[in-house]
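The next block holds one structure in the form of structure tokens; read it before the comments.
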Amino acid sequence: MRKFVLAAMIAASALMASFAASAEEYSWKAKWISKEQCKGETNTWLAFRKDVTLEKVPSSLVARIAADSKYWMWINGEMVVFEGGLKRGPAPGDSYYDKVDIAPYLHEGENQINILMWYFGRSGFSHMSSGMAAMIFDARAEGVEILSNDTWQCAVHPGFSTAHCRSTNYRLPESNVRYDANAFSADWYKGGAPKNLGRALEIGIKPGLPPFGKLVERPIPLWKDHGYHEYVSTRQSNDTLYCRLPYNCHFSPCLKVDAPAGRVISMITDHDVVTGEKCVSGEYVTKAGVQEYEHLPWMNGELLMYVVPSDVKVLEVKFHETGYNTDFAGTFSCDDPFLNDYWNKAVRTMYVNMRDTYFDCPDRERAQWWGDIVNDLNEAFYCMDRKADLLAIKGLHELADWQKEDGVLYAPIPCSNWYKELPMQILNAIGWYGAHNLWFYTDDASFVPGTYDAFHKYIHEVWELDADGLPVYRTGAWDWPDAGSHQDSHAQLHMWYYLALKAEACFAHMLGKEADAAEDEAMMKVIADKLNADYWNGTEYRTPGHTDVADDRVQALAVISGIASADKYPAIRQVLAQEFHATTYMTPYVLDALYTMGNPEMALARMKKMFPTVMKDDCSTLYEHWNYDGTCNHAWAGAGIISMVRQLAGVDALEPAYRRFKVAPQMGTVKQLSTSFVTKYGEIAVKLDRKGKRITAVITVPEGT
């Protein structure tokens with residue numbers, strides 16, 4: 001047994017503030033409002049104005065605001081919300097609403113509230129359109145009521161239209177936006193002309209009814225504003241100004257030009273077309289003279305290109321970065337430059353895939369695929385603060401609340417143009433690495449009561465068992481266990497189902513559903529016994545009749561599920577030394593298995609063999625698949641950082657949220673390592689120095705752990 005010299009430093013930390021949605025039902029007095037001329041066309045923008053006279057400003061005045069689809073709000077000319085609203089919906093047909101305290105922006109006397117609303121007008125892989133452009137605003141305090149109704153002003157904003165360059169692909173609800181500076185006063189929200197936008201139209205639909213449905217409080221914080229920044233570098237080539245960003249991020253391009261009227265400036269990123277799919281871009285039509293413009297719909301990429309007519313003089317360009325409101329709270333460094341580089345790229349990829357939902361990529365789809373999300377939520381424990389967990393909790397509620405009547409769960413959701421079940425990804429989502437780990441590593445079980453019945457129905461009513469007690473193979477609407485070849489799909493499925501039962505048994509005990517837990521545990525024993533009797537052939541696990549090479553994914557799942565006993569490890573180790581079929585999605589589970597079997601050198605060797613093929617030097621993020629295939633910002637490829645903390649550094653939880661935790665390093669070829677991350681109780685930090693078989697560890701242990 002290795003001996004450790006431990007120097008413990010005790011660090012106190014306040015608990016993280018909770019952003020969880022309130023369970024209260026709000027009684028709305030406001031009305032949904034729009035404009036008579038607005039017929040709900042795709043890519044419609046509405047301008048709202050409300051003049052308010054206050055004798056006294058209350059200490060707090062919380063406005064509840066919902067819109068299909070997004071909004072920007074100014075009060076007395078000051079920006080209050082930059083891109084409010086969440087893509088619809090928490091359940092089919094329902095909508096989210098924001099809560100914003102507007103009291104700090106008000107003063108005694110005359111006040112002006114202005115809202116610019118963007119109606120997508122189409123559905124996508126992350127949004128279900130209501131079919132109607134409208135907004136509702138409800139702010140009440142003692143002696144004050146500001147309610148949306150026909151006393152508000154409203155106009156269809158004629159400056160916005162669809163860009164001529166190209167349309168986005170069907171997965172994205174967003175359109176490419178053109179803005180014509182000649183069509184409307186640029187300072188309308190600052191009290192400038194036109195002062196009368198015309199009367200708003202009350203829709204006459206009570207909150208809670210179609211097409212907007214139930215209004216659910218936004219369960220995640222408003223976006224974090226990272227500010228306005230200069231580009232890292234700019235260079236001109238013919239009519240194009242190439243502007244380099246510091247990293248792949250969500251941003252709004254800004255410009256200041258001196259131009260004649262009617263010139264078109266295009267704004268295109270290096271992610272404009274991804275894997276042949278058209279993504280977001282924008283256009284600006286100049287007015288005469290010196291002018292400034294910020295393109296409000298966010299883009300992402302490492303390079304922004306302004307295509308500028310020759311008679312337009314560019315005076316200034318910059319970018320406005322926004323993103324999910326979490327802080328980078330984890331660190332990792334060691335004496336291996338490859339691991340350091342991989343960590344940095346993984347963390348950046350993680351953050352660029354967080355906004356309305358976790359999504360698979362920020363350019364082509366922006367969709368909540370659950371194979372991606374399981375990896376993402378586990379990565380987030382070690383690189384973000386705990387506000388990141390709210391995004392995963394939101395996702396699990398949506399997964400449950402979008403369940404079909406027949407019990408099928410599917411992804412991506414929210415969505416109204418895709419209904420395909422991916423059985424193994426769904427089992428993973430509701431299973432040990434998905435829902436279970438989200439609870440275990442955060443100690444937040446708030447989602448469990450509201451999702452248990454849906455997940456139980458899926459496991460026990462959608463899935464059938466054969467005469468041997470094994471789950472009958474389900475292709476679902478899309479038979480996709482993993483990308484790549486040499487798959488032993490039936491064996492994979494049995495093990496994912498086993499892990500789903502394992503998670504449900506845990507939650508059943510938590511909720512006092514002991515009969516459910518007993519059933520799950522009995523089913524697990526039957527599955528494990530059958531796999532060990534008929535699928536283990538003495539050298540590997542394989543489905544009887546499967547004639548292809550051994551599937552490394554199956555061997556890994558057998559180890560990490562606990563189905564494989566330790567006496568089988570030597571044979572499994574031989575398979576994992578030879579077979580490399582797991583994708584970027586599944587490789588983290590193979591790494592977990594290698595560390596579980598006590599083989600850190602093999603785990604590090606696999607990382608160094610495979611992950612360099614998703615890490616281009618000129619790219620701050622990771623590719624979707626090996627050999628630079630797919631999108632170049634897919635967070636599931638960063639899930640190797642999980643084992644870098646839990647097993648390489650050896651810092652893993654023994655009780656929820658690390659209330660009790662172990663430090664049991666498996667450093668392999670690494671000699672020096674330091675890592676830190678934030679838990680519910682505060683920061684854990686570990687510094688390791690290995691000399692021969694002796695490891696010196698300096699550990700920061702939060703108070704209460």
Correct semi-axes for the chain, from √(5λ) of the alpha-carbon gyration tensor and rounded to whole Å with the largest first, are 46, 29, 25
Restricted to pairs 8 or more residues apart or on different chains, the lysines in the range 226-323 with C-alpha atoms under 22 Å apart form a number of pairs equal to 5
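Highest mean first, how do 301-310, 552-561, 661-670 rank when packing is the count of other Cβ atoms within 10 Å averaged over residues?
Top to bottom by mean Cβ count within 10 Å: 552-561, 301-310, 661-670.
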Taking placed amide H atoms and a strict 5 Å upper bound, the residues 5 or more places from MET128 or on another chain that come that close are ARG88, GLY89
Cross-link reach from LYS680 to aspartates and glutamates, straight Cα distance under 20 Å and at least 8 residues apart if same chain, gives ASP327, ASP376, GLU379, ASP385, ASP389, ASP443, ASP444, ASP652, GLU655, GLU703
Between MET384 and residues 5 or more places away or on another chain, the pairs with built amide H atoms under 5 Å apart involve ALA329, GLY330
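Among rounded, prolate and oblate, which fits the range 33-220 when a ≥ b ≥ c are the square roots of the eigenvalues of its C-alpha gyration tensor, a/c under 1.5 means rounded, and a/b larger than b/c means prolate?
Values: a/c = 1.85, a/b = 1.27, b/c = 1.46.
It is oblate, given that a/c is not under 1.5 and a/b is not larger than b/c.
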Computed for the range 33-220: size of charge dipole around the Cα centre, +1 on C-beta of each Lys and Arg, -1 on C-beta of each Asp and Glu, debye to nearest 20, value 700
Looking only at lysines whose Cα falls under 28 Å of LYS56's and that sit 8 or more positions away or on another chain, we get LYS29, LYS31, LYS99, LYS190, LYS195
Per DSSP, the loop-located GluC sites (Glu not before Pro) within the range 134-208 having at most 16 other beta carbons within 10 Å are GLU142
Quick calc, the chain, dipole around Cα centre from Cβ unit charges on Lys, Arg (+) and Asp, Glu (-), nearest 20 debye, gives 1200
Shape call for the range 122-184, from the Cα gyration tensor axes a ≥ b ≥ c (a/c under 1.5 means rounded, otherwise prolate when a/b beats b/c, else oblate), comes out oblate
With Cα coordinates, the longest principal axis of the chain makes an angle with the long axis of helix 370-383, in degrees rounded to 10, of 90
For the range 36-49, Karplus-derived ³J(HN,Hα) couplings (6.51, -1.76, 1.60; θ = phi - 60°; whole Hz; x for glycine and proline) come out as 4, 6, 7, 9, x, 5, 4, 6, 9, 10, 10, 10, 10, 9
Rounded to the nearest 10 degrees, the helix 448-457 long axis (Cα) sits at an angle to the longest Cα principal axis of the chain of 70
Taking the range 331-648, the lysine pairs whose C-alpha atoms sit under 17 Å apart (8 or more places apart or on different chains) add up to 12
Farthest towards the positive end of the dipole of the chain, among HIS436, TYR342, VAL273 and with Cβ unit charges of +1 on Lys and Arg and -1 on Asp and Glu, lies the Cα of TYR342
Phi-derived 3J(HN,Hα) across the range 343-348 with the Karplus relation (6.51, -1.76, 1.60, θ = phi - 60°), rounded Hz, x for Gly and Pro, is 4, 4, 5, 5, 5, 5
Scalar couplings 3J(HN,Hα) for the range 679-687 by Karplus 6.51 cos²θ - 1.76 cosθ + 1.60 (θ = phi - 60°), nearest whole Hz, x for Gly and Pro, are 10, 3, 9, x, 8, 9, 10, 9, 10
What helix-only [θ] at 222 nm does the chain give? Using -39500 (n - 2.57) per DSSP H run of at least 4, over all residues, to the nearest 500, the answer is -6500 deg cm²/dmol
Sorted by chain and number, the residues with a modelled amide H under 5 Å from that of LYS513, at a separation of 5 or more or across chains, are none
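All of the numbers you see were taken from the coordinates with simple rules; none came from a lab. Keep in mind it's a predicted model, so treat the numbers as computed, not measured. As a convention, Cβ positions derive from the backbone with ideal geometry for all residues, glycine included, and neighbour counts pool all protein chains shown.
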